[in-house]
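What follows is one structure encoded as structure tokens, with my remarks underneath.
The values are calculated or read from the model by the stated rules, or taken from the named source; none is laboratory data. None of the values given here were measured: they were computed from a predicted structure. Virtual Cβ from ideal backbone geometry, glycine too; neighbours counted across all protein chains shown.
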Protein chains: 2
Amino acid sequence: MTRENALRAAERTVPWPDRTDAAVIFIGRIRTPWTSRLDCPRQGRKDGPLCRIEVFAPWDEALPGIDLYQEIEVLYWLHRSRRDLVLQSPADNGTARGTFSLRSPLRPNPIATSIVSLVGVEGSALLVRGLDCLDETPLLDLKPDRCAFTPLAPPTKGDSDVGDPATGT
Amino acid sequence: MTRENALRAAERTVPWPDRTDAAVIFIGRIRTPWTSRLDCPRQGRKDGPLCRIEVFAPWDEALPGIDLYQEIEVLYWLHRSRRDLVLQSPADNGTARGTFSLRSPLRPNPIATSIVSLVGVEGSALLVRGLDCLDETPLLDLKPDRCAFTPLAPPTKGDSDVGDPATGT
């Protein structure tokens with residue numbers, strides 16, 4: 001069963017550092033049908049329920065042009081997740097793997113990314129399919145899916161860098 | 001030409017809010033060949049230069065299992081980006097689009113995501129191709145690419161949710 005926050009056999013935590021390095025702001029909130037973490041899907045699906053991404057002012061001023069894209073990358077903050085787990089046991093079977101080898105919501109920086117289908121825009125809200133998160137999840141960012149996006153900026157020197165130049169190591 | 005931080009014609013900023021909502025920690029740093037933003041590629045490429053992702057202790061304890069995946073999603077903090085732009089003009093041609101319709105590094109939460117090819121693991125460092133960021137960029141997260149990852153956790157009720165249940169709206 002999906003857990004709330006209890007530790008399982010073979011899992012390991014580390015002491016949480018006594019510092020922070022940068023701050024995020026919540027620029028909106030995500031409305032989904034799921035009000036318990038025990039019900040959330042493990043991954044979003046393209047034919048999943050319609051969800052609503054509400055963008056707060058003044059950040060709704062950054063929406064113009066988003067309807068040019070059918071696939072949007074959504075970043076959100078998993079506000080109910082513990083952050084100190086380095087080894088996790090998703091199957092709760094006595095074995096564990098590193099957090100970075102999982103897409104678990106429990107991570108040092110609990111930032112999730114999903115690719116969603118944009119179904120419509122209603123004022124400052126987006127209607128989408130493909131999410132997997134709790135109702136009321138805080139929104140961090142929206143951007144066109146990398147595969148659909150062509151840069152508008154002029155080319156840079158680095159665009160053509162390939163192979164193995166010195167990497168400073 | 002790629003800009004540093006100057007504002008362009010048709011661009012718009014909003015006042016930066018007098019609050020923060022959550023804090024991130026930097027769990028490592030990324031070493032790349034690019035030391036100026038003017039040289040960074042606009043997007044990473046799979047045949048791009050070898051880059052090195054150094055994971056700081058104690059977060060290196062979360063690496064076991066990452067070598068099971070060839071494609072890794074990397075999240076990083078664009079520490080040199082202004083955050084208050086809502087309309088941007090990447091081509092600097094007098095027209096602008098909303099920040100959320102661009103993959104520009106200038107965003108209210110300057111979090112970038114890239115999909116990289118994992119070339120090797122050296123202790124607590126990953127050798128990868130596909131990045132586009134400045135040398136010394138702070139690392140936020142690593143996770144298997146969504147397409148390669150199959151959840152290990154048991155199924156949930158939400159896994160099978162499709163269609164249009166009430167979304168609370």
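Observations, loosely collected:
- Condition check for residue B:137: buried (at least 23 other Cβ atoms within 10 Å of the Cβ), touching a Phe, Trp or Tyr at 6+ places or on another chain (Cβ under 9 Å), among the β-branched types (Val, Ile, Thr) and in contact (Cβ under 8 Å) with a residue 24 or more places away in the chain: yes
- Breaking point among (1) more than 7 Å from every other protein chain (Cβ to nearest Cβ); (2) under 19 Å from residue B:77 (Cα atoms), for residue A:113: (1)
- Tally, over the range A:23-43, of residues that are modelled with pLDDT under 90 and more than 8 Å from every other protein chain (Cβ to nearest Cβ): 1
- In the range A:15-35 there is no residue that is surrounded by fewer than 16 Cβ atoms within 10 Å (Cβ to Cβ) and assigned to a helix (DSSP H, G or I).
- Within the range A:116-166, if we keep just the residues that are more than 7 Å from chain B (Cβ to nearest Cβ) and of a type in the set (Ser, Thr, Tyr), the residue that is farthest from residue B:46 (Cα to Cα) turns out to be A:124.
- Of all the numbered requirements in (1) surrounded by 18 or more Cβ atoms within 10 Å (Cβ to Cβ); (2) within 29 Å of residue A:157 (Cβ to Cβ); (3) more than 7 Å from every other protein chain (Cβ to nearest Cβ), residue B:79 misses one, and that requirement is (1).
- Which numbered condition residue A:20 misses (of (1) within 22 Å of residue B:59 (Cα to Cα); (2) touching a residue at least 12 places away in the same chain (Cβ under 8 Å); (3) of a type in the set (Val, Ile, Thr); (4) within 7 Å of chain B (Cβ to nearest Cβ)): (2)
- Given (1) closer than 19 Å to residue B:26 by Cα; (2) of a type outside the set (S, T, N, Q); (3) not in a helix (DSSP H, G or I), index of the condition residue A:94 fails: (1)
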